[in-house]
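The values are calculated or read from the model by the stated rules, or taken from the named source; none is laboratory data. The shown structure was predicted, so the numbers you read here are calculated from the model rather than taken from an experiment. All Cβ positions, glycine included, derive from the backbone under ideal geometry; neighbour counts span all protein chains shown. The protein model used for the area step is the full one, side chains on, heavy atoms only, and it has no ligands, DNA or RNA in it. Shrake-Rupley method; radii C 1.70, N 1.55, O 1.52, S 1.80 Å.
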Amino acid sequence: MPGYEVNFDGLVGLTHHYAGLSFGNEASTQHRNCVSNPKLAAKQGLLKMKVLADMGFQQGVLPPQERPHVPMLRRLGFSGTDEQILAQALQTSPHLLSALGSASSMWTANAATVSPSADSADGKVHFTAANLNNKFHRAIEAETTSAILRAIFADEQHFTHHAALPQVALFGDEGAANHNRLGGDYAKRGVQVFVYGRQVFGGDTEPTRYPARQTREASEAVARLHQLSEHQTVFLQQNPAVIDQGVFHNDVIAVSNQQVLFHHQQAFLHQQNGLEQLRRKMASLETELVTIEVPTSRVSVADAVATYLFNSQILTKPNGKMMIVVPDESLQHQSVWHYLSEMVENPGPIDEIKVFDLRESMRNGGGPACLRLRVAMNENELRAVNPRVMMNDTLFTTLNDWVDRYYRDRLTQNDLADPQLLREGREALDALTSILGLGNIYPFQQ
């Protein structure tokens, strides 16, 4: 039975704004208080989805979450009508309103960790929603994320869903942004690589400038929930020195596809030992690891962070060769583009580059890989996915019309208190759940 890797991209939400909420994410903090364009952001993301779908790749859509998050404002002591609550929050706690108005659920690489049925002991696809507890504005996402995933992957014969890990620092979990899976065919067993920033019990090396958001303890818990054997799991620590340079997730310094691992020379702590462990476990599955290690002399960590070279997607084309999807910032950077051009010209698994303009999302700290959640499935499992979320000509047109109807082309932090924005958002999400056939997944719909 053939296997597929389906990318589910997050739709950018109506409250997309630049608040600099993500300490450790230098692009996010650099653009704090800039004026955003939610309509452009959503359309840039939709275009990426459509182009890849037109090229023959399986492509799905994940909806945004409701923001501002009024229920949390009530929980934090604000009272009155929804409109009064927003006004109070802007006046007394504008930073809190900004956090609870964040459109950060667009980064669906952080939505969950996913293990395919080929790897799990019970033969099901497993999903564990990420708790994202390192950042308040993201820690409120897990419940709705779970509801969205359950609505899309509803067939209990094929899919198993786990609640987010406990909301404590010990189990800090950032989802698939710190998770890679390497192997051959997507429907066959692979090796799962869990990358962590710190180990609470027994660890002695961690970053000093920026927080390590993923713990080894969280990664081990997810591996247990997903019923993975030790023979097909590898736990690698991300290099603390690169976290302190703005590599807040592993997908800013490494990305994989099938047997290929594309990574920076400084990506992992004790890198050669870790790669050798991965190589041995892949060999036991009769698959050879192919590494593409980018030397610091060719691309510095700072340049990798600035261009999001590694926050890219590597996709297998019908002819078996691979294509790398990068943001326009990589094209505009001379040394990074020179490296990429040389890589695809030389013999190797990647022979094509696809560039997308994702300026709006890049300014908020995420590129092509941040926008998508990868789900490897076999043919029967793919047929069990809610078909209305899969990108095609009709859905692309419908969603662009939906964006044109509801989204603003200019947004600042003060606009988050606009009662009309709240009404627009709820009306838009009500319409979207109908378009995507998701049912009542938002708190305001209950």
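Give the accessible area for Lys50 in Å² (nearest 10); use a 1.4 Å probe, count only protein heavy atoms, and leave out ligands, DNA and RNA.
30
Quick one: order Cys34, Cys370 from most to least accessible surface, probe 1.4 Å.
Cys34, Cys370
May I ask you to derive the relative contact order of the chain, considering only C-alpha pairs under 8 Å and at least 6 residues apart, and to give it as an integer percent?
24
What would the Debye equation give as log₁₀ I(q)/I(0) for the stretch 189-238 at q = 0.20, 0.30, 0.31 Å⁻¹, counting only Cα atoms as equal point scatterers?
-0.67, -1.16, -1.21
Please list, in order along the stretch 292-309, the HN-Hα scalar couplings obtained from phi with the Karplus expression 6.51 cos²θ - 1.76 cosθ + 1.60 (θ = phi - 60°), rounded to whole Hz, x for Gly and Pro.
10, 9, 8, x, 4, 5, 9, 9, 6, 4, 4, 5, 5, 5, 5, 9, 6, 3
Once you sort the root eigenvalues of the Cα gyration tensor of the stretch 86-206 as a ≥ b ≥ c, which label holds: rounded (a/c under 1.5), prolate (a/b larger than b/c) or oblate (the other case)?
oblate
Simple spin-label model, 7 Å along Cα-to-Cβ: Asp430 to Glu230 in nm?
Taking the two extended label points, one gets 5.5 nm.
If exposed GluC sites (Glu not before Pro) are those in a DSSP loop with at most 12 other Cβ within 10 Å, what is the longest stretch of the chain that has none?
289-446
For the stretch 302-321, list residues with backbone N below 20 Å from a point placed 7 Å from the Cα of His338 toward its Cβ?
Residues passing the 20 Å test: 302-310.
So how far, in whole Å, is the C-alpha centre of the stretch 54-99 from the one of the stretch 137-193?
Comparing the Cα centres of the stretch 54-99 and the stretch 137-193, I get a distance of 23 Å.
Non-local amide H neighbours of Val6 (under 5 Å, H modeled in plane, Pro and chain starts lacking H): which ones?
Those qualifying (amide H under 5 Å, at least 5 residues apart or on another chain) are Val375, Ala376, Met377.
If you count only protein heavy atoms with a 1.4 Å probe, what accessible area per residue comes out for the chain, rounded to a whole Å²?
For the chain, the per-residue accessible area is 38 Å².
Between the stretch 254-291 and the stretch 365-423, how many Å separate their Cα centres?
First find each Cα centre; the distance between them is then 33 Å.
Measure off, as a whole percent, the carbon and sulfur share of the 1.4 Å-probe accessible area of the stretch 270-415, all protein chains present.
Within the stretch 270-415, the accessible surface is 45 percent carbon and sulfur.
Give the peptides 413-422, 312-321 in descending order of average Cβ contacts within 10 Å, highest first.
413-422, 312-321
Could you tell me which residue out of Tyr339, Gln157, Gln272 lies farthest along the dipole of the chain toward its positive end? Charges go on the beta carbon: Lys and Arg +1, Asp and Glu -1, centred on the Cα centre.
Gln157
Kindly provide the helix-only [θ] at 222 nm of the chain, computed as the sum of -39,500 (n - 2.57) over DSSP H runs of four or more divided by all residues, to the nearest 500 deg cm²/dmol?
Value at 222 nm, helices only: -10000 deg cm²/dmol.
Take the alpha carbon gyration tensor of the stretch 252-337, find the square roots of its eigenvalues, order them as a ≥ b ≥ c, and report rounded if a/c is under 1.5; if not, report prolate when a/b exceeds b/c, else oblate.
Here the stretch 252-337 falls in the oblate category.
For the chain, what number results from the quotient of the Cα radius of gyration and 2.2 N^0.38 Å?
0.92
Taking the Cα-to-Cβ direction at Glu352 and at Val200 and moving 7 Å from each Cα, how far apart do the two end points lie in nm?
Simple spin-label model gives 4.5 nm for this pair.
Which percent of the accessible heavy-atom area of the stretch 60-200 goes to carbon and sulfur, probe 1.4 angstrom?
So the carbon and sulfur contribution to the accessible surface is 50 percent.
By the gyration tensor of its Cα atoms, with a ≥ b ≥ c the square roots of the eigenvalues, what is the shape of the stretch 310-393: rounded for a/c under 1.5, prolate for a/b over b/c, or oblate?
Because a/c hits 1.5 or more and a/b fails to exceed b/c, the stretch 310-393 counts as oblate.
According to the Cα gyration tensor, what semi-axes, each the square root of 5 times an eigenvalue, does the equivalent ellipsoid of the stretch 58-151 have, listed from largest to smallest in whole Å?
They are 33, 12, 11 Å, listed largest first.
The stretch 156-211: D in µm²/s via Stokes-Einstein (Kirkwood Rh, Cα pairs, 25 °C, 0.890 mPa s)?
Stokes-Einstein gives a translational diffusion coefficient of 171 µm²/s.
To the nearest 20 debye, what charge dipole does the chain have about its Cα centre, counting +1 at the Cβ of each Lys and Arg and -1 at the Cβ of each Asp and Glu?
380
Where in the stretch 253-290 is the amide nitrogen less than 16 Å from a point lying 7 Å along the Cα-to-Cβ axis of Arg209?
253, 266-267
With +1 on each Lys and Arg Cβ and -1 on each Asp and Glu Cβ, and nothing else charged, work out how big the dipole of the stretch 208-324 is about its Cα centre, in Debye to the nearest 20.
Using only the charged Cβ atoms, the result is roughly 140 debye.
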